[in-house]
1. Calculate the length of the line joining the C-alpha centroid of segment 93-117 to that of segment 54-88, in whole Å.
2. Quick one: what are the phi-derived ³J(HN,Hα) couplings along segment 100-106, Karplus 6.51/-1.76/1.60 with θ = phi - 60°, whole Hz, x for glycine and proline?
3. Step through the residues of segment 74-81 one at a time and calculate ³J(HN,Hα) from phi using the Karplus curve (6.51 cos²θ - 1.76 cosθ + 1.60, θ = phi - 60°), rounding each to whole Hz and writing x for Gly and Pro.
4. Please report the accessible area of residue 61 (heavy atoms, 1.4 Å probe, ligands and nucleic acids excluded) in Å², nearest 10.
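The values are calculated or read from the model by the stated rules, or taken from the named source; none is laboratory data. In this text, all values refer to a predicted model and were calculated from it rather than measured experimentally. Please note that ligands, DNA and RNA were not included when accessible areas were found on the heavy atoms of the full protein model with its side chains. Shrake-Rupley method; radii C 1.70, N 1.55, O 1.52, S 1.80 Å.
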Amino acid sequence: MAACVTRRLGPHLAKSAAAIRCFHCSTVDQAGGKWRVRQGLPVNSSQFGPLTDLPDWSFADGRPAPPMKGYLSRQEKNAELARRVAMISAEMDHGIEKWEAQQREQERQAQEKRCNRLQPKGNFFPETAK
């Protein structure tokens, strides 16, 4: 391939073509993302914040602008996420209660087995070591 590029483009342009082949793009999240996380900000500046959540404009008499399409979709997505978190939390609470009831039942059965064991008759004194 390099010989083919050299014949068509010449020796100087072949080096440029080889360099272009090695060029790659990293994700956009890495462009300052680590710094933003260290500062307590979201990785992507368009996730949340005043530039994303507040309206771009308002009427001159002070009335708010109608909500934008992106804002409504984010609001709907956040509401769905909140419903899912509440559902999973309720499932976790139910699971913990069920596990605790199972542990109490096992302890009750163990106590019942200990009480129903055969008991020695008479005055049983264990031998003491001399």
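1. With segment 93-117 and segment 54-88 each reduced to a Cα centre, they are spaced 48 Å.
2. Values, residue by residue: 5, 5, 5, 5, 4, 5, 5 Hz.
3. In residue order, the calculated couplings are 5, 5, 5, 5, 5, 5, 5, 5 Hz.
4. 110
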